[in-house]
1. Fewest Cβ neighbours within 10 Å first, please rank 16, 95 accordingly.
2. If each of residue 51 and residue 87 carries a label point 7 Å out from its Cα toward its Cβ, how far apart are those two points in nm?
3. Please arrange 8, 66 by counting, for each residue, the other beta carbons lying within 10 Å of its beta carbon, fewest first.
4. Sort 110, 103 by Cβ crowding within 10 Å, fewest neighbours at the top.
5. Hey, rough spin-label estimate for residue 133 and residue 35, points 7 angstrom out along Cα→Cβ, what's it come to in nanometres?
6. Within segment 58-78, which residues have the backbone N less than 20 Å from the label spot 7 Å out from residue 12 along Cα→beta-carbon, could you tell me?
7. Between residue 2 and residue 149, what is the label-point separation in nm under the 7 Å Cα-to-beta-carbon projection?
8. Less than 18 Å from a label point 7 Å out along the Cα-to-Cβ axis of residue 58: which backbone N atoms in segment 5-24 qualify, by residue?
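What follows is calculated from the coordinates using simple rules that are stated; it is not laboratory data. Keep in mind the model is a prediction, meaning the values are calculated, not measured. Cβ sites come from the backbone with ideal geometry, for glycine too, and all protein chains shown count toward neighbours.
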């Protein structure tokens, strides 16, 4: 499980609004003063991510909660989003290259067009798979636990 700590900012029956600060790893590097990415991270103010979730837990405003997403679902979705368009591009370009040689066509434009079409079809299939109801439900963060109130006080410093 990939976990993140968030703070409850609003409660409306079973709908809970939580806010989490977006973290950048650039501030922890020793080369932060000499790196372009570190300079950009310093220049952009820390942003917050706000989510509206459903929860049956007994929560109150200001509570710190732990949000979690299954790591295997996140990795399978990320691999599909990257690999399906790439495989579509390579597969369709290879098939078009084969037929271009078989039919003795002189232009590689057919291979380029087929590769672009295959990449786009891979993108559409990844988007369709990503937008399926089961995948959306699996990738929705869940509130797994409420941190104790003394831990809430210690983390606000």
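1. Numbers: 16 23, 95 14.
By the 10 Å Cβ count, ascending: 95, 16.
2. 2.8
3. Numbers: 8 21, 66 16.
Ranked by crowding around the Cβ, least crowded first: 66, 8.
4. Details: 110 16, 103 8.
With the fewest neighbours first, 110, 103 line up as 103, 110.
5. 4.4
6. It comes to 58-63, nothing else.
7. In this crude spin-label approximation the distance works out to 3.4 nm.
8. Once the point is set 7 Å along Cα→Cβ of residue 58, 8, 11-16 turn out to lie under 18 Å by backbone N, inside segment 5-24.
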